[in-house]
Amino acid sequence: MVPHFWVKCMGVDRDKDGQRLPVLDLGIHASFWKYSLVLWNAVVGFGCVEKNFTAKKTMQDFGIRPATALRWTAAYMASGLFDIRLGRRHVKGVKGEPSIYRYLNGTEQEWDIFLRCLSWLCRKDKSRHESQEGSEGSIAAFRAALTWAVGVTRKNEGVHPAFTHANSAYLKECLANGIAREVPGSQLLHKVEFARTPTNRMGVLEKAAQVQYYELDREELIDFPIPE
């Protein structure tokens with residue numbers, strides 16, 4: 001039930017000449033794989049065809065910290081591999097609603113692109129001490145940065161569409177509310193930059209380094225062309 005290319009990307013497999021394949025998931029925390037196994041089991045498990053490869057999960061259902069589960073949910077929303085409708089978190093006295101995950105039957109190439117981009121961003125964030133969770137703003141910017149990286153890579157490698165409708169709409173929303181801004185004259189991958197939240201090793205924001213979201217003109221940026 002576990003996709004072969006998940007194991008393949010971890011560098012434990014070999015090609016036909018016996019050479020070990022390169023590791024594609026460097027920097028991705030083990031909690032991502034635990035999250036993925038729980039999600040995969042729910043999506044393709046018993047009765048999956050009747051359920052249209054759809055599952056309902058709360059952030060408490062993955063056996064990891066809810067904040068970490070929300071980070072990986074954001075990553076899968078950026079992947080283009082799932083259609084995810086976020087639920088409503090539990091509030092005292094109010095019943096919460098689980099998130100809905102529908103698998104879009106991605107190809108091995110699409111998975112490969114997603115995992116390479118996630119590895120790149122996780123390693124980049126670690127070197128720059130940029131937060132991937134902890135606040136809605138941190139997770140939103142992490143998701144936006146990964147969405148852009150995945151979409152640009154898909155475009156460069158001939159995968160269509162480069163951005164799903166949901167991801168294109170999300171990036172336009174981020175450009176409108178200041179989480180992202182255009183960088184004129186840059187190469188496509190660096191044509192958009194994101195208001196990431198810096199953190200120290202204890203996970204506590206340094207007061208002097210707190211991010212001030214960009215003050216952008218909504219009308220000016222709302223028509224920024226997201227590549228097809």
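The values are calculated or read from the model by the stated rules, or taken from the named source; none is laboratory data. Remember, it's a predicted structure, so these values are computed and weren't measured experimentally. Every residue, glycine as well, gets a Cβ built from its backbone with ideal geometry; the counts of neighbours run over all protein chains shown.
Selection over the range 24-48 of residues that are in a helix (DSSP H, G or I) and among the hydrophobic types (A, V, I, L, M, F, W, C) gives a count of 10. Among the residues that make up the range 45-67, is at least one of them under 19 Å from the mean Cα position of the chain (by Cα), under 18 Å from Thr107 (Cβ atoms) and of a type outside the set (Gly, Ala, Ser)? No, the range 45-67 has no match at all.
Scan Ser36, Ser99 and give me the residue that is among the polar types (S, T, N, Q) and at pLDDT 95 or above.
On the way: Ser99 fails: at pLDDT 95 or above.
Matching residue, one of Ser36, Ser99: Ser36.
Residues checked against (1) touching a Lys or Arg at 6+ places or on another chain (Cβ under 7 Å); (2) loosely packed, with under 12 Cβ neighbours inside 10 Å; (3) closer than 24 Å to Gln132 by Cβ:
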residue: Trp6; (1), (2), (3): no, no, yes
residue: Cys9; (1), (2), (3): no, no, yes
residue: Asp17; (1), (2), (3): no, yes, no
residue: Arg20; (1), (2), (3): yes, yes, no
residue: Asp25; (1), (2), (3): no, no, yes
residue: Leu37; (1), (2), (3): no, no, yes
residue: Cys48; (1), (2), (3): no, no, no
residue: Asp61; (1), (2), (3): no, no, yes
residue: Ala67; (1), (2), (3): no, no, yes
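For the range 172-193, a residue qualifies if it is within 20 Å of the chain's Cα centre (by Cα) and among the polar types (S, T, N, Q), and exactly one does: Asn177. What tally of residues in the range 141-171 results from selecting those that are of a type outside the set (Val, Ile, Thr) and in contact with a strand residue (DSSP E or B) (Cβ under 9 Å, 6 or more places away or on another chain)? The number of residues fulfilling the criteria is 7. Among the residues of the range 97-140, those identified as surrounded by fewer than 18 Cβ atoms within 10 Å (Cβ to Cβ), under 17 Å from Thr68 (Cα atoms) and in contact with a strand residue (DSSP E or B) (Cβ under 7 Å, 6 or more places away or on another chain) are Pro98, His129. Would you please name the residue that is farthest from Ala75 (Cα to Cα), looking only at residues in the range 153-193 that are β-branched (Val, Ile, Thr) and buried (at least 21 other Cβ atoms within 10 Å of the Cβ)? The qualifying residue farthest from Ala75 (Cα to Cα) is Val192. For Lys51, the test of being at negative phi, of a type outside the set (Val, Ile, Thr) and outside any helix (DSSP H, G or I) is passed.
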